[in-house]
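A short worksheet on the structure shown next.
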Amino acid sequence: MAYRVLGRAGPPQPRRARRLLFAFTLSLSCTYLCYSLLCCCDDLGQSRLLGAPRCLRGPGAGGQKLLQESRPCDPSGPTPGEPGAPSASAAGAPSPRLSGSNHSGSPKLGTKRLPQALIVGVKKGGTRAVLEFIRVHPDVRALGTEPHFFDRNYGRGLDWYRSLMPRTLESQITLEKTPSYFVTQEAPRRIFNMSRDTKLIVVVRNPVTRAISDYTQTLSKKPDIPTFEGLSFRNRTLGLVDVSWNAIRIGMYALHLESWLRYFPLAQIHFVSGERLITDPAGEMGRVQDFLGIKRLITDKHFYFNKTKGFPCLKKTESSLLPRCLGKSKGRTHVQIDPEVIDQLREFYRPYNIKFYETVGQDFRWE
Ligand code: A3P
């Protein structure tokens, strides 16, 4: 009777039972096969991530080892065409990953995060140099271009801002630089509202030299502008400096700093000396790394002085076959300025400089 339930009436049919058993096993196998394929695909995705050369997550990794890491370790370096890609004009050649970390065409690892650190100024202080040097560090991922979020693009919202950022692993710091933030009234409040923990870096330079550098840059784009002397003074005989001219105003560091200190404690702002950045890049970058709380991996081994350029450049490494100097727009020959005008401006800046030294507790020796 029992057999009847299974099939037609009749005696047990071992062959038929075997066939049934075979069909049952086959369907089970198919199900298993499909399931495995699905899982396997997932696994492949995973193993592509896991099987890639392991990225160094923490500052504990040794510098030498970092130099040997291969590019796939890098989760999200901005590549040309991406919003964060350094443009030839803005950033010169692509950043060399001396420590084998950042740029890659590798799968999208990591997450786009809002920056935890910002280079907020100052224009012509040496901000590009700091950005290019610090992004060599495997624990730092930086946007190559200037997003101008906290001044010009604030209306686009934080999601837009975040979308520009390179992907980072949890251990990595996201960084961007926009030098105009330092002189933007609303920037401190806006940055504070994004995160009160944001670390701020300001690269400062003798304000007179900075103004001349700024002017030289503008002149290279607009050759018809008035002379530096003409723009600097409202009345030169009376020594009345035109503080409404941006090139002058930016250098009044003490004034701008006040707005930042309303929102951020001094300990959260790191000042890089634009002068020492040229004479001792490793020393300055050592302090930047300390400030960011990352291991000092960028050392004097990473720099050499390029006599033709007249500036320190990044050395070639295993991951970048060429040594790398900043682009032509960085380190230009300045226009000649009447030494008397320079003296007048030096006098003008003196009280601002002194106030600035007192506030930050550092003497930058600009006098
Ligand atoms: P000059 O072109 O007037 O010499 P920023 O990147 O903020 O615009 O600053 C540009 C300045 O960075 C340059 O101004 C240059 O003096 C300075 N700088 C500092 N380190 C440099 C480096 N290693 N290579 C080129 N320029 C550097």
Legend entry - Which numbered condition Thr209 misses (of (1) within 15 Å of the chain's Cα centre (by Cα); (2) closer than 22 Å to Ile278 by Cβ; (3) of a type outside the set (A, V, I, L, M)): (1)
Inset, instruction - Scan the stretch 304-318 residue by residue and report those that are within 11 Å of the ligand (Cβ to nearest atom) and surrounded by fewer than 19 Cβ atoms within 10 Å (Cβ to Cβ). - result: Tyr304, Phe305, Asn306, Lys309, Gly310, Phe311
Inset, instruction - Have a look at Phe271, Phe291 and point out the one that is more than 9 Å from the ligand (Cβ to nearest atom), assigned to a helix (DSSP H, G or I) and touching a strand residue (DSSP E or B) at 6+ places or on another chain (Cβ under 6 Å). - result: Phe291
Inset, instruction - Pull up the stretch 188-221, narrow it to residues that are part of a helix (DSSP H, G or I) and polar (S, T, N, Q), then point me to the one that is farthest from the ligand (Cβ to nearest atom). - result: Asn193
Inset, instruction - Just give me the residues in the stretch 341-353 being under 31 Å from the mean Cα position of the chain (by Cα) and surrounded by fewer than 19 Cβ atoms within 10 Å (Cβ to Cβ), in sequence order. - result: Tyr352
Inset, instruction - Determine which single condition Pro323 fails, assuming it passes every other condition in (1) more than 16 Å from Val202 (Cβ to Cβ); (2) at pLDDT 95 or above; (3) surrounded by 14 or more Cβ atoms within 10 Å (Cβ to Cβ). - result: (2)
Legend entry - Subset of the stretch 141-155 (residues that are of a type outside the set (Ser, Thr, Tyr) and surrounded by 14 or more Cβ atoms within 10 Å (Cβ to Cβ)): Arg141, Ala142, Leu143, Gly144, Glu146, Pro147, His148, Phe149, Phe150, Asp151, Asn153
Inset, instruction - Tell me which residues, restricted to the stretch 294-320, are part of a strand (DSSP E or B) and closer than 25 Å to Gly251 by Cα. - result: Phe311, Pro312
Legend entry - Single condition Leu277 does not satisfy, out of (1) without any contact (Cβ under 8 Å) to a residue 12 or more places away in the chain; (2) among the hydrophobic types (A, V, I, L, M, F, W, C); (3) closer than 30 Å to Thr218 by Cα: (1)
Inset, instruction - Examine the stretch 242-263 for a residue that is free of Cβ contacts under 8 Å to residues at least 24 places away in the same chain, of a type in the set (Lys, Arg) and away from the ligand (no atom under 13 Å from the Cβ), and state whether such a residue exists. - result: no
Legend entry - Single unsatisfied condition, Ala254 versus (1) in a loop (DSSP other than H, G, I, E, B); (2) within 21 Å of Phe356 (Cβ to Cβ): (1)
Legend entry - Scope the stretch 319-367; condition in contact with a strand residue (DSSP E or B) (Cβ under 8 Å, 6 or more places away or on another chain), over 20 Å from Val272 (Cα atoms), within 16 Å of the ligand (Cβ to nearest atom) and not small (Gly, Ala, Ser); matching residues: Pro323, Arg324, Leu345
Inset, instruction - Sort through Ile225, Ile294, Ile298 and tell me the only one that's touching a helix residue (DSSP H, G or I) at 6+ places or on another chain (Cβ under 7 Å), buried (at least 18 other Cβ atoms within 10 Å of the Cβ) and farther than 22 Å from Tyr352 by Cβ. - result: Ile298
Inset, instruction - Inspect all residues belonging to the stretch 232-241 and state whether any of them is part of a helix (DSSP H, G or I), out of contact with any helix residue (DSSP H, G or I) (no Cβ under 8 Å at 6 or more places or on another chain) and either among the charged types (D, E, K, R) or on the phi > 0 side of the Ramachandran plot (or both). - result: no
Legend entry - Sole exception among (1) surrounded by fewer than 24 Cβ atoms within 10 Å (Cβ to Cβ); (2) more than 14 Å from the chain's Cα centre (by Cα); (3) more than 15 Å from the ligand (Cβ to nearest atom); (4) within 30 Å of Ser244 (Cα to Cα) for Ser171, by number: (4)
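The values are calculated or read from the model by the stated rules, or taken from the named source; none is laboratory data. Please read all numbers here as calculations on a predicted model, not as lab measurements. So basically every Cβ, Gly included, is an ideal-geometry build from the backbone, and we count neighbours across all protein chains shown.
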